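The values are calculated or read from the model by the stated rules, or taken from the named source; none is laboratory data. None of the values given here were measured: they were computed from a predicted structure. Heads up, the Cβs are rebuilt from the backbone with ideal geometry, glycines too, and the neighbour counts pull from every protein chain shown. For the accessible areas, the whole protein counts, side chains as well, though only heavy atoms, and no ligand, DNA or RNA atoms are used. Shrake-Rupley method; radii C 1.70, N 1.55, O 1.52, S 1.80 Å.
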Amino acid sequence: MTNTLVQPLSWKRTAREWLATDAPVLTYMAKATFAGLLALVISMTLNLPDPRTAIFTTFLVMQPQSGLVFSKSYYRVLGTIAGVGVSLLMMGLFAQDPVWFIAFFALWIGLCTGAGLKFRNFQSYGFVLAGYTLCIVALPVIETPLEIFSIAVSRFSEVIIGIMSATLVSDMVFPRKLFDSLLASERERFANLFSILGEGDALFAAGTETEPGSAGFSGVVGLHAVRINSSFESGTDRKARQLSGQLNQEYMHLSTTFHSLKNILAAAGERMPPEARESLAGLYAPVASVVNASPRTPVSVEELDGIIAGVLEAKEVLQTLVEEERLRLAPFLEADAYEAFSSASGLIVRLLGELHIHCVTYRAFLRHRLSGRASRELSRVVRFSTHTDSVLVALAALRGSGVLLVTMLFWIVTGWPYATLTVTLAVVLGLLIGTLPSPLAAVMNFFKGGVSAVAVAAVYDFYIIPEYTSDMLTLALVLAPVLAVVAWWTTQPRWSGFALGFIFLFMYQCSLDPYFRVDPTVFMESTLAYLIGIGFAGLAYLLVNFWSCSLTQQRVAKILRRQIVTLCSGTITVQRSALESTGRDMVQQFSTQGRLNMRSSRLVYTWLLSTLEIGRAVIAVRRSRKRLPLSAASDSLDGAIYAVRNYFATPSEQMRRMLLMTLKEAVAVLHAQGDSAGAAELKRIQKAAAELALIRTIMLSEGSLPVVTEDTCR
Amino acid sequence: MPLEITLLGIQMPTLLPIFAAAAVLQILVDRILADAGVYKHVWHPGLFRTAVFVCLFTLPCLLIYT
């Protein structure tokens with residue numbers, strides 16, 4: 001009896017699980033194989049000289065979701081156009097002059113490698129393409145420059161055929177929309193946010209530490225990439241994308257505020273007496289209660305209306321509570337403890353305000369998605385600024401040019417006709433793998449994949465293709481299993497380097513020409529040339545990638561300090577969102593490129609948060625200062641900003657103490673001035689004083705400032 | 001219209017520039033349709049997009065070949 005009851009249930013669950021996890025992979029395998037074979041058949045029918053380029057392109061741009069395919073294809077087309085154009089130009093200018101040819105070649109590869117690191121997502125891929133198209137187009141005809149036109153046209157046509165096949169198949173056959181997954185991750189993020197905010201106890205427990213990306217406050221940079229790529233899909237309109245961008249930005253603000261609060265509480269632990277701590281916990285209670293009373297994953301607009309009403313109510317309660325508690329505690333607490341208390345309570349108020357704004361935007365987003373009605377809520381265009389360290393870019397450019405020059409030297413010294421293949425593969429790898437987190441490991445995997453591919457290709461070239469294929473249909477049938485397996489590998493992250501190497505060498509060693517031709521000597525020599533090329537690329541990564549952990553820490557600290565200095569003296573048009581996105585993007589890049597360990601990446605994240613908070617406070621103070629009439633208050637604000645700037649320009653313990661004193665005096669002057677000011681002016685002065693107090697509270701805990709004091713890389 | 005044209009001294013099939021122009025036009029049309037919310041009422045947006053592109057590409061091609 002129980003068996004019959006349990007069986008259908010578990011069967012259904014199995015089916016659902018299979019549909020959710022395995023079916024998409026199988027569909028993707030079928031789609032990728034079909035697209036690849038389609039490209040092969042079309043280019044063979046059109047008699048293009050190198051059909052493997054088309055099929056290879058298909059595999060490079062194929063992704064599970066349509067938006068990714070469109071985006072990657074778009075940049076691939078742009079990159080190919082640029083690459084083909086530069087090839088024509090170079091052959092026209094320097095065909096007879098090897099020195100200038102190689103010099104210009106190296107310059108172009110260096111530029112493309114640097115730009116590939118500087119830009120993000122598939123834009124970076126476009127630059128990579130622009131770089132290595134030059135190798136594919138110009139190198140094979142270097143002895144016979146007049147053939148450049150025909151090879152340029154045929155390479156371009158093959159790439160376009162590959163791209164067309166990939167985009168058509170991915171959008172027409174069981175399309176999977178990136179925007180739907182964006183919606184799902186947005187939902188998941190909202191739930192995460194609520195579960196973090198609901199746990200007030202964890203916030204007030206002693207000795208809490210900020211962990212990088214822990215507690216769900218992560219993925220800002222990743223979700224931004226999803227949003228960008230989804231703009232290539234049909235059905236995502238500008239409004240939806242704007243709302244999603246705005247959600248991302250508000251989420252960043254919430255995350256910074258929450259972590260600042262956590263940091264202040266952790267750092268001010270010793271200075272703050274228990275009653276202040278309890279009082280803060282009491283102030284946080286309305287936030288926790290409204291969050292805990294709401295559903296974690298609101299799916300309807302009505303549910304969100306309820307949450308927003310709750311948040312508004314809590315906001316009012318909190319305002320009065322904060323005023324009361326400040327008045328109550330002021331006589332008991334010491335100056336520093338009181339400052340920490342009022343900074344923390346200010347952060348709680350800000351947190352609730354930001355939560356309110358976030359919920360309103362989320363409601364607009366949901367309403368737009370669910371009913372499709374144009375919502376009345378205003379949505380802003382939010383720019384996600386990025387920052388890439390120029391030293392990293394310069395190193396990458398150096399590596400790219402270096403690889404080319406060394407392999408060219410290898411060609412000139414050996415005089416081996418196949419050495420062009422070595423040059424091509426070394427340059428391709430130098431460009432393609434440079435943006436991945438651990439390039440050396442990726443080159444190793446590429447090598448393994450390449451060696452396995454050569455073995456499989458040999459079986460195909462010398463046995464299967466001559467034995468079993470007679471026309472295009474049989475060739476397609478024979479190739480399908482290998483393509484399907486490669487497609488499966490590309491869905492597994494740990495196989496991706498291997499899959500790349502496999503598809504590259506398999507395509508170039510398998511006899512897929514319009515007319516079957518195979519020669520054992522050519523096969524062996526070209527294989528050797530390719531493998532030597534991989535070796536050169538690996539060596540380049542080994543030699544030029546000396547980016548160590550402590551160097552990374554010093555760079556990050558320096559850049560963060562420089563940001564504060566710029567905020568203190570530059571124009572004040574900088575928005576908080578630009579500050580946050582740049583900082584986060586930079587830290588993300590350093591932690592992928594710079595080999596940080598757990599401890600140091602936690603440290604870097606803490607630096608980032610305190611920089612963001614100080615930077616935001618500096619902007620706020622400078623804005624208030626601008627609207628104040630000239631008086632003792634404005635003078636002291638100027639002095640405080642100047643002191644902050646001085647400390648971050650040349651940090652030292654003595655300067656820090658001086659800064660703390662200046663800030664303390666400035667706050668005292670502001671309070672004294674406030675007594676004689678009018679209502680509007682008083683508000684501005686109070687706001688500025690609160691921000692200065694916040695800066696001071698952060699400055700009191702030395703560990704959170706972006707200054708390298710000890711070696712945390714061991 | 002001729003079957004082949006010369007652009008910057010390079011002879012190429014007329015289809016090539018037409019293809020490029022159709023692609024640019026398609027991107028513009030797609031943006032407008034997406035912002036107007038047309039894709040919410042379309043059964044298979046991918047198929048629809050492809051069909052629009054085929055129409056945009058074929059119309060000038062018919063002019064050449066007829």
For A:Asp519, are the conditions met, namely being surrounded by fewer than 22 Cβ atoms within 10 Å (Cβ to Cβ) and in contact (Cβ under 8 Å) with a residue 60 or more places away in the chain?
-> no
Quick one: B:Leu16 ticks every box in (1) part of a helix (DSSP H, G or I); (2) under 19 Å from A:Ile161 (Cβ atoms); (3) within 13 Å of chain A (Cβ to nearest Cβ); (4) open to solvent by less than 70 Å² (accessible area, probe 1.4 Å) bar one, so which box is it?
-> (4)
Whichever residue in the stretch B:55-66 is open to solvent by less than 60 Å² (accessible area, probe 1.4 Å) and touching a residue at least 12 places away in the same chain (Cβ under 8 Å) and, among such residues, is nearest to the other protein chains (Cβ to nearest Cβ) = B:Phe57
Look at A:Leu111 and say whether it is surrounded by fewer than 18 Cβ atoms within 10 Å (Cβ to Cβ), away from chain B (no Cβ under 14 Å) and modelled with pLDDT of 90 or more.
-> yes
Which of the following residues is within 14 Å of another protein chain (Cβ to nearest Cβ) and either modelled with pLDDT of 90 or more or more than 30 Å from A:Leu19 (Cα to Cα) (or both): A:Val128, A:Val173, A:Val137, A:Val159?
-> A:Val159
Unmet criterion (only one of (1) more than 30 Å from the chain's Cα centre (by Cα); (2) open to solvent by 80 Å² or more (accessible area, probe 1.4 Å)) for A:Ser87 = (2)
Any pair with Cβ under 6 angstrom, 6 or more apart, that starts in the stretch A:139-153 at a residue that is closer than 14 Å to A:Met90 by Cβ and ends at one that is not in a helix (DSSP H, G or I) | A:Pro145/A:Ala95
Filtered residues of the stretch A:327-339 (kept if of a type in the set (A, V, I, L, M, F, W, C) and either surrounded by 17 or more Cβ atoms within 10 Å (Cβ to Cβ) or part of a helix (DSSP H, G or I) (or both)) | A:Leu327, A:Leu329, A:Leu333, A:Ala335, A:Ala337
Given (1) within 34 Å of the chain's Cα centre (by Cα); (2) of a type outside the set (D, E, K, R); (3) in a helix (DSSP H, G or I), A:Pro64 misses just (3)
Residue hits (the stretch A:407-450; open to solvent by 30 Å² or more (accessible area, probe 1.4 Å), β-branched (Val, Ile, Thr) and within 32 Å of the chain's Cα centre (by Cα)) are A:Thr435
Within the stretch A:29-51, the count of residues that are of a type outside the set (A, V, I, L, M, F, W, C) and buried (at least 22 other Cβ atoms within 10 Å of the Cβ) comes to 5
Which ones in the stretch A:466-489 are at pLDDT below 90 and either open to solvent by less than 60 Å² (accessible area, probe 1.4 Å) or touching a strand residue (DSSP E or B) at 6+ places or on another chain (Cβ under 9 Å) (or both)?
-> A:Thr469
Scope the stretch A:354-405; condition at pLDDT below 70, closer than 13 Å to A:Asn248 by Cα and open to solvent by 50 Å² or more (accessible area, probe 1.4 Å); matching residues | A:Arg380, A:Val381, A:Arg383
Hits in the stretch A:500-551 (condition: charged (D, E, K, R) and at pLDDT 90 or above) = A:Glu525
Taking the stretch A:570-587 as the search range and keeping residues that are under 14 Å from A:Ala617 (Cα atoms) and either touching a Lys or Arg at 6+ places or on another chain (Cβ under 6 Å) or of a type in the set (Gly, Ala, Ser) (or both), which one is least open to solvent (accessible area, probe 1.4 Å)?
-> A:Ser577
Among (1) free of Cβ contacts under 8 Å to residues at least 60 places away in the same chain; (2) not in a helix (DSSP H, G or I), where does A:Pro651 come up short?
-> (1)
So which residues in the stretch A:292-350 are among the small types (Gly, Ala, Ser) and over 16 Å from A:Glu278 (Cα atoms)?
-> A:Ala293, A:Ser294, A:Ser300, A:Gly306, A:Ala309, A:Gly310, A:Ala314, A:Ala335
Failed item, numbered, when A:Glu186 is tested on (1) under 30 Å from A:His253 (Cβ atoms); (2) among the acidic types (Asp, Glu); (3) open to solvent by 20 Å² or more (accessible area, probe 1.4 Å) | (3)
A:Ser73 fails exactly one of (1) among the polar types (S, T, N, Q); (2) more than 14 Å from chain B (Cβ to nearest Cβ); (3) in a helix (DSSP H, G or I), namely (2)
When both residues are 6+ apart or on different chains and their Cβ atoms are under 6 Å apart, which pairs have a first residue that lies in the stretch B:28-48 and is among the basic types (Lys, Arg), and a second that is surrounded by fewer than 19 Cβ atoms within 10 Å (Cβ to Cβ)?
-> B:Lys40/A:Gly372
Matching residues, the stretch A:282-326, being open to solvent by 60 Å² or more (accessible area, probe 1.4 Å) and in a loop (DSSP other than H, G, I, E, B) | A:Arg296, A:Thr297, A:Val299
What number of residues within the stretch B:24-54 are within 10 Å of the chain's Cα centre (by Cα) and at the interface with chain A (Cβ under 8 Å from one of its Cβ atoms)?
-> 1
Conditions: (1) of a type outside the set (D, E, K, R); (2) under 25 Å from the mean Cα position of the chain (by Cα); (3) modelled with pLDDT of 90 or more. A:Leu183 meets all but one. Number of the miss?
-> (3)
